[in-house]
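Here's the structure, in structure tokens; my notes come after.
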Amino acid sequence: MRVLIYGVNSKNKGAQLLLATTSVWLTEHGHQPVVSMRDVNADTRRELSLLPMVSVERLGAFRSLGWDRLPSGLIRHIQIVPDGAFDYVLDVSGFSMTDAWGMQPLTSRLGRLRRWKKSGIGYSMLPQAFGPFENAGMAESAAEVFELTDRIWARDKTSERYVKGVYDDHRKISIAPDVTIGLTVDTTQTPKRDVIIVPNWNIASRENKSKMPSYIDSLAQTVMDLTRQGRHITGLCHEGPNDLQILNAVADRTSGLEVLSPPSGMECKKVLAQSNVVVAGRYHAAVSALSSSVPVVAHSWSHKYQALMNDFDVTDGLADPFDPSSTISKIETIELEQETSRLRQIHDTVKSRVDVMWTELNTMLP
């Protein structure tokens, strides 16, 4: 069957990892992954053997030619999939339904969901973070999305609580860790590095845009202090131009910071997996490190970071991103060999919870 992978793109490295993991699973289980032509570029589609979908909104004048009403038999032979010419939808958005992002992700989702449901297309939400839903209209819209969803997997207890707070049918709600935890990469050609720092522009801008200079100063001071201790620091861009701009600003202040901007989430994971410690402002950078048995000090801007650390039994892994001493003290307390060994042991337990989710999903897809 054709399955649309919803909520992914080629720009964000975390979204790329979610797409790669989900598409590989679908292909291994005999399904054809489909993605939005607008959001996922041709190179990624070719690499992962994905069919491109043209949304109704993008058809424009071609709708009048009947493009969206082609016979189903003909559609199966076309390498461009019209909107609705698939059998199921898997939402792997990661974290889009929350006050922090506003109504747009909800209203966009609802328009599509209503249309798909009328066509008998199923829809489930793979593990992601949710909430809060306190701003005007958020709770009502989120509840309608959940009502139209077959199965909802929250990534953590806090997200589950936010979902249950606005939606009454708790039978379709479960918890499962992030699906990319089971994604493996070949690191044989990747050089070993010491401390990796991954920034996130959300950390400053979500709180107060005027705090960006303080955030950059804090990262720069962290780099300088660690360098004086004899550590070797590398900055890794895990998103796009906003994060890269932060790293370049830090490099200007520290003279000599190595800055990497790998082309894909998979390449990012290779770098992270070959490091000693990761200071992660990006959620999926933290996932990539922890799932590779690399200790993490997290810079958080939402509840999802603490929840991830809880999955790996890291009890004191969050540091204040605006206080260099907080980050450095966390790094100094890490007993590298001991922590690496512990993370390696717990990985299989965490991954087994993801496998349970995949097994249930497999029973839902014809």
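The values are calculated or read from the model by the stated rules, or taken from the named source; none is laboratory data. Remember, predicted model here, so these are calculated numbers, not experimental data. Here Cβ is always computed from backbone atoms with ideal geometry, including for glycine, and neighbour counts include all displayed protein chains.
Numerical summary
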item: Residue within the range 215-228 that is closer than 20 Å to V278 by Cα, touching a strand residue (DSSP E or B) at 6+ places or on another chain (Cβ under 6 Å) and touching a residue at least 60 places away in the same chain (Cβ under 8 Å) present; result: yes
item: Per-region count, the range 162-191, residues in a helix (DSSP H, G or I) and either surrounded by fewer than 19 Cβ atoms within 10 Å (Cβ to Cβ) or under 16 Å from the mean Cα position of the chain (by Cα) (or both); result: 9
item: Flag if D316 is in a loop (DSSP other than H, G, I, E, B), surrounded by fewer than 22 Cβ atoms within 10 Å (Cβ to Cβ), over 20 Å from the mean Cα position of the chain (by Cα) and not assigned by TED's automatic domain parsing to the domain that holds A42; result: yes
item: Those residues of the range 192-209 which are outside any helix (DSSP H, G or I) and touching a Gly at 6+ places or on another chain (Cβ under 6 Å), in sequence order; result: I197, V198, P199, N200
item: Which listed residue is farther than 24 Å from F146 by Cα and at pLDDT 90 or above, from D43, D68, D39, D87; result: D43
item: Residue check for P262: farther than 30 Å from A42 by Cα, outside the structural domain of D87 (by TED's automatic domain parsing) and not hydroxyl-bearing (S, T, Y); result: no
item: Selected residue (only one of L290, L257 is over 20 Å from I203 (Cα atoms) and either surrounded by 23 or more Cβ atoms within 10 Å (Cβ to Cβ) or hydroxyl-bearing (S, T, Y) (or both)); result: L290
item: Top-ranked residue in the range 186-214 [being among the β-branched types (V, I, T) and in contact (Cβ under 8 Å) with a residue 60 or more places away in the chain; ranked as nearest to W101 (Cα to Cα)]; result: I203
item: Selection count where residues are surrounded by fewer than 18 Cβ atoms within 10 Å (Cβ to Cβ) and in contact with a helix residue (DSSP H, G or I) (Cβ under 8 Å, 6 or more places away or on another chain), scope the range 103-121; result: 4
item: Hits in the range 251-281 - residues which are small (G, A, S) and in contact with a Cys (Cβ under 8 Å, 6 or more places away or on another chain); result: S261
